[in-house]
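Single-structure report; data block below.
The values are calculated or read from the model by the stated rules, or taken from the named source; none is laboratory data. Note that the coordinates shown come from a computational prediction; the quantities given were computed from them, not determined experimentally. Note that each Cβ is placed from the backbone with ideal geometry, even for glycine, and that neighbours are counted across all protein chains shown.
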Amino acid sequence: MFRFLASLVGAASLVFVFLLPVYAAASCDDPLGCVEVEPDDPIVVGAMLVVSGAINYLGEDTLGGIELALLAREYSLLDHEIELVLEDSLCTAEGGQVAAQRLAADPTVVGAIGTNCSSAAQGAIPIISESGLVMIAPSNTSPSLTNSDIAAGGSHLPGYFRTSQNGLIEGMRLAQFAMHALEAETLATVHDGDPYTEGLSRAVADTFAELEGDVVFEGAVNKGDTDMSSILTEIAVHQPDVIYVPLFEPESNFFAAQMTHIAGLENTIIIGGAASFSSSFPENTGEAAVGIYVSGPLVSGDAYEKVLEQWVEEYGSDPPSGYHAHAYDATNLLLEALEAVAIVSDDGSVMFGRQAIRDAVAATEDYPGLTGQLTCREDSPFAGDCSPGAALAVFVITEAEVFDDNWPPPLAWNFSVDTFE
């Protein structure tokens with residue numbers, strides 16, 4: 001698959017170099033231990049995704065990206081079949097913890113793709129790290145996850161990486177968009193206590209204030225709330241130009257739909273986060289979704305177009321959300337690392353050192369992914385960040401998304417191309 005990507009993206013820029021597998025008599029001297037694969041056994045890759053509940057579209061989107069990356073290799077690595085083991089991480093800390101415990105208890109698992117949600121990652125990271133496994137997340141954005149300063153609220157531990165953008169970058173750009181593109185002077189933010197929503201809200205508010213904007217309200221709802229009238233009434237007192245609302249569905253649906261009935265918010269614009277960047281959001285919100293801005297991944301290029309064609313061939317529809325390309329890249333980073341550190345014996349058995357896998361992922365430099373040139377960093381607050389954050393944009397919901405099943409929505413601002421004066 002690496003040769004496939006290089007031929008499409010352009011091998012001339014390739015700096016990412018791996019050693020060939022070592023053919024030897026297997027003996028493990030890795031400080032974290034080894035995964036041993038017998039000659040006729042599969043190489044087992046884990047996945048921790050949200051595959052049930054209201055936002056299972058995130059897991060479906062990610063799983064498709066993983067499967068297409070494996071399909072491009074014909075589910076084979078080092079002459080072994082690749083087996084994918086999927087655990088439901090539920091988009092909660094408890095779900096992430098249980099999913100990680102199940103994968104960590106399986107000595108055949110070489111690494112994991114996931115989680116989708118930052119809250120699930122917080123539950124999974126300590127277990128994954130302690131077990132010696134590596135996890136590469138395709139859609140976590142909470143700034144705390146790659147901040148290794150635990151005393152300052154960071155939660156990064158060895159073994160955690162991500163191909164999704166850091167929320168610090170996204171928050172900065174969305175605040176710039178609100179002020180310069182929408183000409184907002186006042187801003188309100190609403191989160192639900194989730195590390196993802198709270199981290200992004202904090203980043204947007206901080207940057208907006210640094211730009212000399214007025215942050216007039218910062219509040220929170222609870223997961224599961226259906227009546228948003230109380231917080232909407234509080235916000236209406238301030239009549240902000242923009243409300244930043246990175247909530248998940250269904251809370252984001254209720255918030256947007258009920259805002260239309262609150263006096264004082266008639267001219268207020270909503271900016272939603274990538275949690276609302278899904279085809280279900282306009283459908284479930286209805287006409288109130290028209291005119292709402294949502295941030296989300298923006299991926300382009302010939303290699304990505306081929307993957308989209310394969311998606312339609314395999315699944316019969318377009319991807320339901322925006323992080324499938326990040327999942328595709330995460331899968332390939334793991335598989336490339338496995339190839340780099342594999343110790344292959346004469347009988348066809350393979351051994352992978354757990355620390356060696358981590359080191360190989362950490363050494364990623366200028367990898368030609370679908371989402372951009374990936375280089376994994378080690379400096380806090382970016383430890384484990386592999387994405388340059390370039391594959392990010394703002395989109396605007398129109399009637400076509402609400403009534404005609406159009407997806408994705410039209411582009412409103414491309415952060416990698418458009419600039420602010």
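So ALA47 passes all but one of these: (1) modelled with pLDDT of 95 or more; (2) in a loop (DSSP other than H, G, I, E, B). Which condition number does it fail?
Single failed check for ALA47: (2).
Yes/no matrix, rows are residues, columns are (1) over 26 Å from ALA363 (Cβ atoms); (2) free of Cβ contacts under 8 Å to residues at least 60 places away in the same chain; (3) not charged (D, E, K, R):
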| position | (1), (2), (3) |
| --- | --- |
| LEU78 | no, no, yes |
| GLU81 | yes, yes, no |
| LEU84 | no, yes, yes |
| LEU90 | yes, yes, yes |
| ALA105 | yes, yes, yes |
| THR108 | no, no, yes |
| SER118 | no, no, yes |
| ILE125 | no, yes, yes |
| SER129 | no, yes, yes |
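Does LEU84 meet the test of being at pLDDT 95 or above, surrounded by 19 or more Cβ atoms within 10 Å (Cβ to Cβ), of a type outside the set (Gly, Ala, Ser) and out of contact with any Cys (no Cβ under 9 Å at 6 or more places or on another chain)? Before you say what the answer is, go through the steps one by one.
Values: at pLDDT 95 or above: yes; surrounded by 19 or more Cβ atoms within 10 Å (Cβ to Cβ): no; of a type outside the set (Gly, Ala, Ser): yes; out of contact with any Cys (no Cβ under 9 Å at 6 or more places or on another chain): yes.
Against the criterion (at pLDDT 95 or above, surrounded by 19 or more Cβ atoms within 10 Å (Cβ to Cβ), of a type outside the set (Gly, Ala, Ser) and out of contact with any Cys (no Cβ under 9 Å at 6 or more places or on another chain)), LEU84 does not qualify.
Checking the condition under 15 Å from ALA121 (Cβ atoms) and out of contact with any Lys or Arg (no Cβ under 7 Å at 6 or more places or on another chain), which residue from GLY171, GLY153, GLY159 passes? Break it down into steps so the answer makes sense when it comes.
Details: GLY171 fails: under 15 Å from ALA121 (Cβ atoms); GLY159 fails: out of contact with any Lys or Arg (no Cβ under 7 Å at 6 or more places or on another chain).
The conditions single out GLY153.
Looking at the stretch 59-81 only, could you name the residues that are among the polar types (S, T, N, Q) and crowded, with 23+ Cβ neighbours inside 10 Å?
The initial filter retains those residues of the stretch 59-81 that are among the polar types (S, T, N, Q), namely 62, 76.
Passing the criteria: only THR62.
Among the residues of the stretch 181-202, write down those that are closer than 14 Å to ILE271 by Cα, assigned to a helix (DSSP H, G or I) and not polar (S, T, N, Q). Even if it seems obvious, please write down each step before you answer.
Filtering the stretch 181-202 down to residues closer than 14 Å to ILE271 by Cα leaves 181-184, 186-191, 197, 200-201.
From what is left, the residues that are assigned to a helix (DSSP H, G or I) are 181, 197, 200-201.
Listed by number, the residues that qualify are ALA181, LEU200.
Working only within the stretch 389-402, note down all residues that are in contact with a strand residue (DSSP E or B) (Cβ under 8 Å, 6 or more places away or on another chain) and in contact (Cβ under 8 Å) with a residue 60 or more places away in the chain.
Just the residues of the stretch 389-402 that are in contact with a strand residue (DSSP E or B) (Cβ under 8 Å, 6 or more places away or on another chain), to begin with: 390-397.
Scanning the stretch 389-402 gives ALA391, LEU392, ALA393, VAL394, PHE395, VAL396, ILE397.
Report the residue count in the stretch 148-165 for those that are under 22 Å from GLY95 (Cα atoms) and within 16 Å of the chain's Cα centre (by Cα).
Total meeting the criteria: 6.
One residue is enough: does the stretch 157-172 have a residue meeting the conditions farther than 14 Å from ILE271 by Cα, among the basic types (Lys, Arg) and surrounded by fewer than 24 Cβ atoms within 10 Å (Cβ to Cβ)?
Taking the stretch 157-172 first, the residues farther than 14 Å from ILE271 by Cα are 157-169.
Keeping just the survivors that are among the basic types (Lys, Arg) gives 162.
With the extra rule that they be surrounded by fewer than 24 Cβ atoms within 10 Å (Cβ to Cβ), the set shrinks to none.
No, every residue in the stretch 157-172 fails to be farther than 14 Å from ILE271 by Cα, among the basic types (Lys, Arg) and surrounded by fewer than 24 Cβ atoms within 10 Å (Cβ to Cβ).
Specify the residue that is surrounded by the fewest Cβ atoms within 10 Å (Cβ to Cβ); the eligible residues are those in the stretch 268-293 that are modelled with pLDDT of 95 or more and either hydroxyl-bearing (Ser, Thr, Tyr) or not assigned by TED's automatic domain parsing to the domain that holds ASP404 (or both).
So, considering only residues that are modelled with pLDDT of 95 or more and either hydroxyl-bearing (Ser, Thr, Tyr) or not assigned by TED's automatic domain parsing to the domain that holds ASP404 (or both), the one surrounded by the fewest Cβ atoms within 10 Å (Cβ to Cβ) is THR268.
Those residues that are buried (at least 24 other Cβ atoms within 10 Å of the Cβ) and either of a type in the set (S, T, N, Q) or in a loop (DSSP other than H, G, I, E, B) (or both), I need them from the stretch 92-131; list them, please.
THR115, ASN116, CYS117, SER118, SER119 - these are the residues of the stretch 92-131 that are buried (at least 24 other Cβ atoms within 10 Å of the Cβ) and either of a type in the set (S, T, N, Q) or in a loop (DSSP other than H, G, I, E, B) (or both).
Has the stretch 217-237 got at least one residue that is aliphatic (A, V, I, L, M), in contact with a Ser or Thr (Cβ under 7 Å, 6 or more places away or on another chain) and at pLDDT 95 or above? If you could, list the steps in order and put the result at the bottom.
Applying the first criterion (aliphatic (A, V, I, L, M)) to the stretch 217-237 yields 220-221, 228, 231-232, 235-237.
From what's left, in contact with a Ser or Thr (Cβ under 7 Å, 6 or more places away or on another chain): none.
Checked against the condition, which is being aliphatic (A, V, I, L, M), in contact with a Ser or Thr (Cβ under 7 Å, 6 or more places away or on another chain) and at pLDDT 95 or above, the stretch 217-237 yields no hits at all.
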